[in-house]
Each structure stands twice: as structure tokens, then as C-alpha cells.
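**Q** Got a structure for you, written out below as C-alpha cells; questions coming shortly.
The values are calculated or read from the model by the stated rules, or taken from the named source; none is laboratory data. Remember, it's a predicted structure, so these values are computed and weren't measured experimentally. Cβ sites come from the backbone with ideal geometry, for glycine too, and all protein chains shown count toward neighbours. With ligands, DNA and RNA removed, areas are computed over all heavy atoms of the protein, side chains included. Shrake-Rupley method; radii C 1.70, N 1.55, O 1.52, S 1.80 Å.
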Amino acid sequence: MNNKSNWLAELRNKLVIRPIREDKRNTGAYETLLGHSKSWIFSKAIGGGQANFDEDIEDLKPRDRAMLYAWFNQPGHVLELQHAFAQLLANPTDLQDATVIDVGCGPFTAGLALADVAGSGVVFRYFGIDTSKAMRNFGEELAVGAREIGALHSQTQVQFGDSLNNFNFEEPRAGWTIVVASYLLASKTLDVRSITNEIVSACDAMRFGPVALLYTNTARLAAREKYPELEAQLTASGFESDGDKVEVLSVGGKARDIHYALFVRPRASTVPIEWLLS
């Protein structure tokens, strides 16, 4: 996926590149995939990344659309998140027993990036949230494939759902909770207040551990219109800004301006005595 990891390239080839290239709908025409022009696919079938992936469009099924999203958009997003995680984690073992909440997860994009940066020796819990069933299903395929390759620890848990409110986070934990909000604000229909409330409620369910929210998006001004509202909502909920910058990354040989921000909520000041004795 435009990175150095052999297992990621192997996984992408197995579940994205090869199935698309070997599909019978291909005509061999220049700049086409599955019988459609690449420009039409990007603008219409995947809507630049913001589409209703659960509906058919012409002869493309929801799984086709999720797979085409992975063809066009996922490599760059994986690279951006690898860069962000590498800066966030001074030592990959800091992630040991962490809970990762990926809001607007797509097909396990942050999970792949995190598994690559942390390494297969680190155990974590991953909760991927996406309103698209097609994205969640394809994300599960990629997660299973990553596990089969050996990129995920056998004890790492991966779950997908359509809402944070539908997850059972089980017992509270004292380890890190990392919330990933990658391109979340690219959605024109997103209710910032509602999704922030869901994120805060999920973090509160962990009760004792520190929380880091990692935000990424294109640095284009139009895509950043809702960011001040997100920042204000998080600050009002006890988060503190720990970094806000624009970096230029090379993705597929093209320079891309990426807006990174990090918000942190400290560990609870008091921990029940039974936790200390356990």
C-alpha cells in the first residue's frame, strides 16, 4: 500500500488488486477497471470517498464499490496514518492492551496502519465504526486476511459496527484509549455534536485510562469547515489540544497537504482500590 511493509502489499494484492484485475467485466480498455473508466469510478462509484457504498450503481455491487475504494483511496490513507501513529507512539509497546476506536473506519484502514506500526507482538482491541455495511464487511475481510498473514497478535480483538452506541466495551480499562477520526469531517452530513457525544460516552466507558484522539483530513479549507466545531466540542468535554499542524506527504509520487491534530484527555485522578489490588 505504497509503503515498505511486505505483508500489507501481499494483503492488498490478494484482496484488492488481483480480484479487480482478474474480474471478467474488464475489457482491457485503457484506464478502465471492471468495465468502467477510472474517472467515472472515482467521481461516481466511490464519490471521491464519500458515497453510499451500500447501493448498486450500474452493474457494480456494494462489495465492488468498497473494493474500488480500497484500490483508489486506502493506500494514501494508510500511509498518512502510519506517519501519524509513528509520531504518536514513542514505543509500540505503549499500545499494549489499548482500546482503539476508529470512527468512520472504512475497510479497516486505521487497523492496517496501526498493526504495521505497532507490530504483531502488541495486543490491542479494535472497534471499527462505519455506517456502510459494505465497508464493514470488506474491513472484516481485510482484518481476517491480516490475521492469517500473521500481522495481528492472536489475542488482538477486532469488531465492526454501525454505531458506537451498539458496542459493549465490557469491563472498564486503565490502558490507553485511542480514537481515530480520519477524514471523518469529509462527510457533508455529519452531525459533529452527535458524533462527539458518542465518542465521549465511549471513552467514559473506559473510565480510568488516558484518551488520545487523532484527527486527520485533507488540509483544503472546504474540508476543514467543521473542524472548529469539533475542537470546541472536544475541549468542552475535557480534551486538551496537544498538536495541530499541516504536513506535506508524498503519496503515489504526489504531494498531499494533510491536517493532523491530536487531542488528549488525561488519566482519571482516582482509581478504585480493587483495581490497584487486582
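**Q** Residues to consider are GLU140, GLU171; find the one that is more than 20 Å from ALA212 (Cα to Cα) and out of contact with any helix residue (DSSP H, G or I) (no Cβ under 7 Å at 6 or more places or on another chain).
**A** GLU140
**Q** Take the residues in region 230-267 that are among the small types (Gly, Ala, Ser) and in a strand (DSSP E or B); name whichever of them is least open to solvent (accessible area, probe 1.4 Å).
**A** Per the stated criteria, the residue is ALA261.
**Q** Can you pull out every residue in region 151-165 that is assigned to a loop (DSSP other than H, G, I, E, B), free of Cβ contacts under 8 Å to residues at least 60 places away in the same chain and surrounded by 17 or more Cβ atoms within 10 Å (Cβ to Cβ)?
**A** Hits for region 151-165 are LEU152, HIS153, THR156.
**Q** Check region 137-150 and report whether any residue there is under 26 Å from HIS259 (Cβ atoms) and open to solvent by 10 Å² or more (accessible area, probe 1.4 Å).
**A** no
**Q** Go through (1) within 21 Å of THR216 (Cα to Cα); (2) crowded, with 18+ Cβ neighbours inside 10 Å; (3) β-branched (Val, Ile, Thr) one by one and return the number of the condition THR131 breaks.
**A** Of everything listed in (1) within 21 Å of THR216 (Cα to Cα); (2) crowded, with 18+ Cβ neighbours inside 10 Å; (3) β-branched (Val, Ile, Thr), THR131 misses just condition (2).
**Q** Among the residues of region 1-30, what is the count of those that are modelled with pLDDT under 95, more than 23 Å from the chain's Cα centre (by Cα) and not small (Gly, Ala, Ser)?
**A** 2
**Q** Among LEU190, LEU184, which is under 26 Å from PHE53 (Cβ atoms) and modelled with pLDDT under 90?
**A** It is LEU190.
**Q** So which residues in region 174-197 are closer than 21 Å to GLN96 by Cα and open to solvent by less than 40 Å² (accessible area, probe 1.4 Å)?
**A** Matches in region 174-197: ALA174, GLY175, THR177, ILE178, VAL179, VAL180, ALA181.
**Q** Could you tell me which of the residues LEU95, LEU89, LEU142 is of a type in the set (A, V, I, L, M, F, W, C) and closer than 28 Å to ASP56 by Cβ?
**A** The conditions single out LEU142.
**Q** Let me ask another. How about region 1-117: which helices (runs of 4 or more DSSP H) wholly inside it have at least 1 residues that are more than 20 Å from PHE138 (Cβ to Cβ) and open to solvent by less than 50 Å² (accessible area, probe 1.4 Å)?
**A** Filter on region 1-117 gives 74-88.
**Q** Can I ask one more? Looking at region 116-158, which of its residues are under 19 Å from ILE101 (Cβ atoms) and of a type in the set (Asp, Glu)?
**A** ASP116, ASP130, GLU140
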